[in-house]
Amino acid sequence: MQILIIEDEPRAVRQLRNMLDTCNFEHQVLGVIDTVEDAVTWFKTNATPQLVFMDIQLADGLSFEIFQKTTVTAPIIFTTAFDQYAIQAFKVNSIDYLLKPIRKEDLKHALDKFQKTNQPSSLAPGILKKLLGSLQTQEYRSGILVKDGNGFVQVQMADIVYFYSEDSITFAVTQDKRFIVDETLDQLSTTLDPKIFYQINRGQVIAKKAILKVNPYFNHRLKLTVSSPRNQEFIVSRPKTKAFKNWLNF
């Protein structure tokens with residue numbers, strides 16, 4: 001079975017590949033792609049794979065944009081960290097998906113379903129419109145519950161300058177304090193308003209208001225000067241630089 005993986009997180013790619021191996025699923029990975037732009041180019045210049053695993057949120061935008069720019073006829077299993085509200089569109093339209101963090105039993109069930117049906121799942125314009133609308137109309141949180149001593153307090157999103165992950169712990173940082181958040185960065189990032197926050201790399205999400213300066217950095221990356229850095233270095237990963245610049249312009 002020839003498969004294509006469209007995913008911008010190296011850790012997620014490794015986990016998926018390891019799980020595919022343990023599911024006794026005979027396969028060959030044709031490639032791993034991390035941007036909408038590269039995926040469009042791949043589909044235009046290569047033969048159709050037998051199966052595609054596709055993350056929704058890529059380095060330069062939503063993967064649904066791929067279908068607006070080229071024709072994709074391969075069966076697709078979406079992988080996503082979006083919450084139940086957004087997932088409802090997939091259920092209504094009978095499109096396979098795996099909710100992150102992916103569990104082996106869920107992956108095996110999706111593979112079994114695929115092997116039984118093996119039907120192309122190209123997205124019709126009407127379905128694509130529903131999926132995009134589901135994500136774009138999502139209500140983003142205005143506050144977040146964080147740990148404070150032995151209890152919890154709520155911090156307004158307007159007061160947060162960035163989030164970051166360190167040693168598997170997620171932190172929220174305001175101008176004068178740091179709090180522990182009881183969620184992974186992946187879970188958190190899907191509930192944040194994308195007009196206000198941007199995930200610049202696997203371990204950091206930054207608020208637009210916190211960015212003081214953008215500087216060129218080696219290997220075509222960007223280094224940010226931000227308010228309340230707390231000994232953090234803010235580097236925009238290479239695949240995200242173009243999309244990040246576009247985000248700053250809005």
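Summary table
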{"read-out": "Some residue of the stretch 97-114 being at pLDDT 70 or above, of a type in the set (Ser, Thr, Tyr) and either exposed (fewer than 12 other Cβ atoms within 10 Å of the Cβ) or under 16 Å from THR190 (Cβ atoms) (or both)", "value": "yes"}
{"read-out": "Residue within the stretch 161-176 that is in contact (Cβ under 8 Å) with a residue 40 or more places away in the chain and open to solvent by 20 Å² or more (accessible area, probe 1.4 Å) present", "value": "yes"}
{"read-out": "Residue within the stretch 128-136 that is modelled with pLDDT under 90, over 20 Å from ARG11 (Cβ atoms), in a strand (DSSP E or B) and open to solvent by less than 80 Å² (accessible area, probe 1.4 Å) present", "value": "no"}
{"read-out": "Any chance LYS195 is under 16 Å from PHE163 (Cα atoms), among the basic types (Lys, Arg), in a loop (DSSP other than H, G, I, E, B) and open to solvent by 30 Å² or more (accessible area, probe 1.4 Å)", "value": "yes"}
{"read-out": "In the stretch 198-242, the residues that are surrounded by fewer than 18 Cβ atoms within 10 Å (Cβ to Cβ), in contact (Cβ under 8 Å) with a residue 24 or more places away in the chain and in a helix (DSSP H, G or I)", "value": "LYS208, LYS209, LYS242"}
{"read-out": "Residues that are over 19 Å from TRP42 (Cα atoms) and among the aliphatic types (A, V, I, L, M), drawn from the stretch 1-16", "value": "ALA12, LEU16"}
{"read-out": "Unmet requirement for VAL36, which otherwise passes all of (1) within 24 Å of GLN115 (Cα to Cα); (2) surrounded by 14 or more Cβ atoms within 10 Å (Cβ to Cβ); (3) not charged (D, E, K, R)", "value": "(1)"}
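The values are calculated or read from the model by the stated rules, or taken from the named source; none is laboratory data. In this text the structure is predicted, and so the values were computed from the model without any measurement. When we count neighbours, we look across all protein chains shown, and the Cβ atoms used for this are built from the backbone with ideal geometry, even at glycine. Note: accessible area is taken over every heavy atom of the protein model, side chains too, but ligands, DNA and RNA are not part of it. Shrake-Rupley method; radii C 1.70, N 1.55, O 1.52, S 1.80 Å.
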